[in-house]
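The values are calculated or read from the model by the stated rules, or taken from the named source; none is laboratory data. The shown structure was predicted, so the numbers you read here are calculated from the model rather than taken from an experiment. Note: ideal-geometry Cβ built from the backbone for every residue, glycine included; neighbour counts use all protein chains shown. Areas reflect the complete protein model, heavy atoms only, side chains present, ligands, DNA and RNA absent. Shrake-Rupley method; radii C 1.70, N 1.55, O 1.52, S 1.80 Å.
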Amino acid sequence: MENFGSKTVVLLMMNLVLLLIGMVMDTGPALIILGPILCPIAESYGIDPVHLGVLMVCNLAVGLVTPPFGLNLFVTSSISGEQPMTIGKSAIPYIGVFVIALFIIAFVPQFSMLLVK
C-alpha cells in the first residue's frame, strides 16, 4: 500500500472523516461499515486495532452531538421542545472539550491502551 503521509496526518484525516460520518450516521452501522475499511489502513501505519476502535467510538459519539446534523440534537429537541440549533449552541463548549479529549486519545495511545497491556 502506498504511503499517504505520516501517522499524524492519517490520524487527523481519520478523526475528521469519523466526526463527519458521526454527524449523519448512527454509531453501530458506522462501526460495521468503516471498521473493516480503516483497520488495514491503521495497521499499515502502526496504529493498534484497539486504539483505532477507541478512536472510532469516541469520534462517532462526538459526531452525534455536533451541530448542524448531529442525530442526538434532534432526539433532544423532540424531548425538550427546543429547536435543534438552540441545543447545539448550548452544546458548543462541551463539544470543544470533547474535541480536546479526542486529540489526547488520538495522539497519546497510552490512554486507550492502558488496560490492554
Does VAL97 fit the bill of being in a helix (DSSP H, G or I) and surrounded by 16 or more Cβ atoms within 10 Å (Cβ to Cβ)?
-> no
What residue, among those in the stretch 15-30 that are of a type in the set (A, V, I, L, M) and out of contact with any helix residue (DSSP H, G or I) (no Cβ under 6 Å at 6 or more places or on another chain), is farthest from GLY53 (Cα to Cα)?
-> VAL24
Could you check LEU102 against (1) assigned to a helix (DSSP H, G or I); (2) open to solvent by 90 Å² or more (accessible area, probe 1.4 Å); (3) touching a residue at least 24 places away in the same chain (Cβ under 8 Å) and say which number it fails?
-> (2)
Test result for GLY53, under 22 Å from PRO36 (Cβ atoms), outside any helix (DSSP H, G or I) and either touching a residue at least 60 places away in the same chain (Cβ under 8 Å) or open to solvent by less than 70 Å² (accessible area, probe 1.4 Å) (or both) = no
The residue that is farthest from GLY22 (Cα to Cα), considering only those in the stretch 33-50 that are assigned to a helix (DSSP H, G or I) and of a type outside the set (A, V, I, L, M, F, W, C), is SER44
Starting from the stretch 66-88, keep only residues that are under 14 Å from MET23 (Cβ atoms), then list their pairs with residues that are surrounded by fewer than 14 Cβ atoms within 10 Å (Cβ to Cβ) and among the hydrophobic types (A, V, I, L, M, F, W, C) whose Cβ atoms are within a distance under 7 Å, requiring at least 6 positions of separation or different chains.
-> PRO67/MET85; PRO68/MET85; PHE69/VAL24; PRO84/PHE74
The lone exception for GLY35 - which of (1) touching a residue at least 24 places away in the same chain (Cβ under 8 Å); (2) surrounded by fewer than 18 Cβ atoms within 10 Å (Cβ to Cβ) it fails | (1)
